[in-house]
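Structure record follows, encoded as structure tokens.
The values are calculated or read from the model by the stated rules, or taken from the named source; none is laboratory data. What you are looking at is a predicted structure, and each value in this text was computed from that prediction instead of being measured. Don't worry about glycine lacking a Cβ; one is built from the backbone with ideal geometry, like all the others, and counts go over all protein chains shown.
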Amino acid sequence: MPPPVSQQQLSYHPYLEGGGEMGQLTRGFDWSSTVIGTPENWSQSLLTTVSIILNSKFPMFLWWGPELIQFYNDAYRPSFGNDGKHPTALGQKGAACWPEIWPVIKPLIDQVMAGGEAVWHEDQLIPIYRNNKLEDVYWTFNYSRVNNETGKPGGVLVICTETTKQIKAYNDLSRAKQALEMAQAESESQRDRLKRFFMQAPAGICILNGPDLVFELVNPSYQELLPGRNLLGKPILEGLPEIKENVWGILQDVYHNDKSFEGNGVHVPLARYIGGPIEDRYFNFIYQPRHNAEGLVDGILVFVFEVTEMINAKNKLEKEQHKLQMAMIAADLGTFDRDLEKGTLEWDERCRALFGISHQEAVTFEDDFLNAIHPEDTGRVKDFINKVFIKTVSNGDYDIQFRTIGKEDQKLRWIRSMGKATFDGQDKPVRFTGTVLDITEQKLNEIRKNDFIAMVSHELKTPLTTVKAYVQMLMAKSKKNEDDFTLAALNKVNKQVKKMTGMINGFLDISRLETGKIHLNKTYFLLHDLLKETVEELASATQSHTISFMACETINLYADAEKIRQVINNLISNAIKYSPKGKLIEIACQQIDGMAQVSIKDEGMGIKQQDKEKLFERFYRVENAHTSTISGFGIGLYLSAEIIQHHAGKIWVESEIGKGSTFYFSLPIYPR
């Protein structure tokens, strides 16, 4: 059965449509040179996120995968400046693109990729190299996690806006205010010098005189906010009649009650010129009373800076965050957050529902979590979480399936829970966060499927045993009669019967694994002897490849010898199937850090990174032009991985495209 990715190969083009310059660059980029591979192999999650980025009018940026491969859109493009990182930043590794700020942003990326909360910073100084120099650049940005198809963090989505101009202008405004406060203490003779400063200031400044608040001074920056309006010498309500509804009252309070006023992000519906359309505009401003020689208020000093773009950008950013929250809700994910130092546990509404509680009271790990787990799963879950809290064992990764019985509704549910533990400098766990997903329907379907496979396999095994007996009897008779043609034909039949028997046994093993009924018959044996027997058996039946076994030291294992033989057989058979005829297959074993390690190396086609991540999943097969003619159901590596894991071991693969692969497994060595 082809994997889901083949459907995606037919439909990835619509996700990369549009997007202006960056859309064109993204479609034309050679993605095969990166670890994420070509678009037809991208996950649904990656395609959807890239489509949103390319078609968004808001600056957006994406890091994806373990090497943090980069995507960005036209709206983000100006942030690179001229003669900077564009267009080489597209498809580039994050560390290679941003060496000047990597120590600053990498910990933020790691926090999000580890399953932590989204990162939000407002007006953060992060210098970057652009315009042939290192510039001080201010950003308002949000780093949010994007999950891959397995529910684990796949990348980091950056929604941002550059606020350098606003920050610099605000700093100028603050300096101007400070200068004004110092100038007020000086004599009247210094007003001319102060006026010159006001006229040159980059912030909008005006002076309103008398109770009618007549424009006495308007500097160029203030006039730029209201082009085409002749303000000088006019009362403010004549020059700016729109402010009567909201700002006029504030000015009156400042003038008559001798009160300063400072407003940030104040909404002022205001046209840019007389008779023009009213716009929703936002301002930061300071109203400062001006005093005469007698200390009485005779005017108001106004410092103003427009922040409409920044406010609109912030509102758009909040909308994007809301969309992400809606996506979380649509996925029916619940979240949990356990503070191990404070001893607190927080569940959102969905998490509470999946554990069968409706109240909003505080929840605890013992009463609400452990007591809600099915009794048959409680011990396994506790042991698993204990390992999660040991950094050297799990690196804090958490992914487990278990059953719950609702505390209030008593409903049985299957839950998949994924998360991450974070540690302090002494590797002590301090926080545990993650998600929960209801997989009850999926699990019930799996149970029904496994029952069906087990039933069919058992039904097929009986007649197959009979066929095998008859074939062996006919082979003996043909041999006696010296009927070479019939004997050769029966040998082929017998070979196919053995192959079919192996397939049926594989399906039965899967059924036993899924139901927890697999039995390990552990005994002490020499690993070298088991490897040698298995290699000799396969070598005698294989003329197409050279199988080399390098004798290893004496390693006494305590394990199920037949199941370990099955793993070795699977790995060597795969090496034969997936490498060209005449190539060398090398088998070796050694002892490393108290573990027995076995390696099977081939000179085959190699395995892509995206396939390596799924290689040991049930029924997964690598699908390409080279493998389309190779038979198999994708159960050998899954069974091998399960057998090794049931022995508290580890299995993995290292591979390079065009050069071959090396499969490893390791098992603990127990003293006799």
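Looking at (1) buried (at least 17 other Cβ atoms within 10 Å of the Cβ); (2) farther than 30 Å from Phe432 by Cα; (3) not small (Gly, Ala, Ser), can you tell me which one Trp63 breaks?
In the conditions (1) buried (at least 17 other Cβ atoms within 10 Å of the Cβ); (2) farther than 30 Å from Phe432 by Cα; (3) not small (Gly, Ala, Ser), Trp63 misses (2) alone.
Within the range 350-366, track down each residue that is in a helix (DSSP H, G or I) and surrounded by 12 or more Cβ atoms within 10 Å (Cβ to Cβ).
Arg350, Cys351, Arg352, Ala353, Leu354, Phe365
Glu224 - would you say it is among the acidic types (Asp, Glu), within 46 Å of the chain's Cα centre (by Cα), modelled with pLDDT of 85 or more and surrounded by fewer than 20 Cβ atoms within 10 Å (Cβ to Cβ)?
Judged against the criteria, Glu224 is a match.
Which numbered condition in (1) touching a strand residue (DSSP E or B) at 6+ places or on another chain (Cβ under 9 Å); (2) surrounded by 15 or more Cβ atoms within 10 Å (Cβ to Cβ) is the only one that Glu341 fails?
Among (1) touching a strand residue (DSSP E or B) at 6+ places or on another chain (Cβ under 9 Å); (2) surrounded by 15 or more Cβ atoms within 10 Å (Cβ to Cβ), Glu341 violates only (2).
Here is a check on your reading of the model: is Gly84 under 17 Å from Tyr143 (Cβ atoms) and either at pLDDT below 90 or in a loop (DSSP other than H, G, I, E, B) (or both)?
Answer is no for this residue.
Residues in the range 237-244: is at least one part of a helix (DSSP H, G or I) and farther than 30 Å from Lys314 by Cβ?
Yes, the range 237-244 has at least one match.
If I ask for residues that are crowded, with 16+ Cβ neighbours inside 10 Å and out of contact with any Lys or Arg (no Cβ under 9 Å at 6 or more places or on another chain), which ones from the range 584-596 would you list?
Cys589, Ala596
Quick check: anything in the range 165-172 within 30 Å of the chain's Cα centre (by Cα) and surrounded by 18 or more Cβ atoms within 10 Å (Cβ to Cβ)?
Looking for residues that are within 30 Å of the chain's Cα centre (by Cα) and surrounded by 18 or more Cβ atoms within 10 Å (Cβ to Cβ), one finds none in the range 165-172, hence no.
Return the pair list, or none, for Cβ contacts closer than 9 Å from residues in the range 89-107 that are assigned by TED's automatic domain parsing to the domain that holds Tyr143 and closer than 15 Å to Glu67 by Cβ to residues that are outside any loop (DSSP other than H, G, I, E, B) and among the charged types (D, E, K, R), at least 6 apart or on different chains.
From residues that are assigned by TED's automatic domain parsing to the domain that holds Tyr143 and closer than 15 Å to Glu67 by Cβ, the pairs are Gly94/Lys106; Ala95/Lys106; Trp98/Lys106.
Determine which single condition His647 fails, assuming it passes every other condition in (1) surrounded by 15 or more Cβ atoms within 10 Å (Cβ to Cβ); (2) at pLDDT below 85.
Going through the list (1) surrounded by 15 or more Cβ atoms within 10 Å (Cβ to Cβ); (2) at pLDDT below 85, His647 breaks only (2).
Scan the range 333-349 residue by residue and report those that are at pLDDT below 90 and part of a strand (DSSP E or B).
Gly334, Thr335 - these are the residues of the range 333-349 that are at pLDDT below 90 and part of a strand (DSSP E or B).
If I go through the range 376-430 residue by residue, how many of them are β-branched (Val, Ile, Thr) and under 16 Å from Lys443 (Cβ atoms)?
Here the count works out to 5.
Could you check the range 209-236 and list, in sequence order, the residues that are under 18 Å from Arg272 (Cα atoms) and either assigned to a loop (DSSP other than H, G, I, E, B) or aliphatic (A, V, I, L, M) (or both)?
Residues satisfying the conditions are Val218, Asn219, Leu225, Leu226, Pro227, Gly228, Arg229, Asn230, Leu231, Leu232, Lys234, Ile236.
Kindly list the number of the only condition in (1) crowded, with 18+ Cβ neighbours inside 10 Å; (2) under 25 Å from Asp339 (Cα atoms); (3) modelled with pLDDT under 90 that fails for Gly396.
It is condition (3) that Gly396 fails.
Which of the residues belonging to the range 273-313 are assigned to a loop (DSSP other than H, G, I, E, B) and touching a helix residue (DSSP H, G or I) at 6+ places or on another chain (Cβ under 8 Å)?
Selection gives Ile278, Ala293, Val307.
Where the second residue is buried (at least 16 other Cβ atoms within 10 Å of the Cβ) and the first is on the phi > 0 side of the Ramachandran plot and lies in the range 217-245, which pairs have Cβ atoms under 7 Å and are six or more apart or on separate chains?
Note: pairs meeting the criteria are Gly233/Val214; Gly233/Phe215.
Within the range 77-123, work out how many residues are crowded, with 16+ Cβ neighbours inside 10 Å and more than 18 Å from the chain's Cα centre (by Cα).
11
Name the pairs: first residue in the range 598-620 and touching a residue at least 40 places away in the same chain (Cβ under 8 Å) and basic (Lys, Arg), second residue surrounded by fewer than 16 Cβ atoms within 10 Å (Cβ to Cβ) and not in a loop (DSSP other than H, G, I, E, B), Cβ to Cβ under 9 Å, at least 6 apart or on different chains?
Pairs that qualify, where the first residue is touching a residue at least 40 places away in the same chain (Cβ under 8 Å) and basic (Lys, Arg) and the partner is surrounded by fewer than 16 Cβ atoms within 10 Å (Cβ to Cβ) and not in a loop (DSSP other than H, G, I, E, B), are Lys601/Leu584; Lys612/Trp652; Lys612/Glu654.
Spot the failing condition for Thr546; the list is (1) β-branched (Val, Ile, Thr); (2) buried (at least 20 other Cβ atoms within 10 Å of the Cβ); (3) modelled with pLDDT under 90, and only one is missed.
Result: Thr546 passes all but (2).
With the requirement that a residue be part of a loop (DSSP other than H, G, I, E, B) and either outside the structural domain of Val653 (by TED's automatic domain parsing) or over 16 Å from His646 (Cβ atoms) (or both), what does the range 555-583 give you?
Within the range 555-583, Ile555, Tyr578, Ser579, Pro580, Lys581, Gly582, Lys583 qualify.
Is at least one residue of the range 320-332 among the aliphatic types (A, V, I, L, M), part of a strand (DSSP E or B) and farther than 30 Å from Leu217 by Cα?
There is no residue in the range 320-332 that is among the aliphatic types (A, V, I, L, M), part of a strand (DSSP E or B) and farther than 30 Å from Leu217 by Cα.
Looking for whichever is farther than 29 Å from Gly154 by Cα, of a type outside the set (A, V, I, L, M) and outside the structural domain of Lys152 (by TED's automatic domain parsing) here; the options are Thr364, Thr344, Thr433. Which one fits?
Thr364
Could you look through the range 396-436, keep only residues that are in contact with a Lys or Arg (Cβ under 6 Å, 6 or more places away or on another chain) and in contact (Cβ under 8 Å) with a residue 40 or more places away in the chain, and pick out the one that is farthest from Gly115 (Cα to Cα)?
Within the range 396-436, the match that is farthest from Gly115 (Cα to Cα) is Thr404.
Determine if the range 408-417 includes at least one residue that is surrounded by 17 or more Cβ atoms within 10 Å (Cβ to Cβ), under 23 Å from the mean Cα position of the chain (by Cα) and not hydrophobic (A, V, I, L, M, F, W, C).
Within the range 408-417, one or more residues are surrounded by 17 or more Cβ atoms within 10 Å (Cβ to Cβ), under 23 Å from the mean Cα position of the chain (by Cα) and not hydrophobic (A, V, I, L, M, F, W, C).
So, of the residues in the range 94-146 that are acidic (Asp, Glu) and outside any helix (DSSP H, G or I), which turns out to be nearest to Asn171 (Cα to Cα)?
Asp123
Name the residues in the range 227-264 that are charged (D, E, K, R), loosely packed, with under 13 Cβ neighbours inside 10 Å and within 51 Å of the chain's Cα centre (by Cα), would you?
Lys244, Glu245, Glu262
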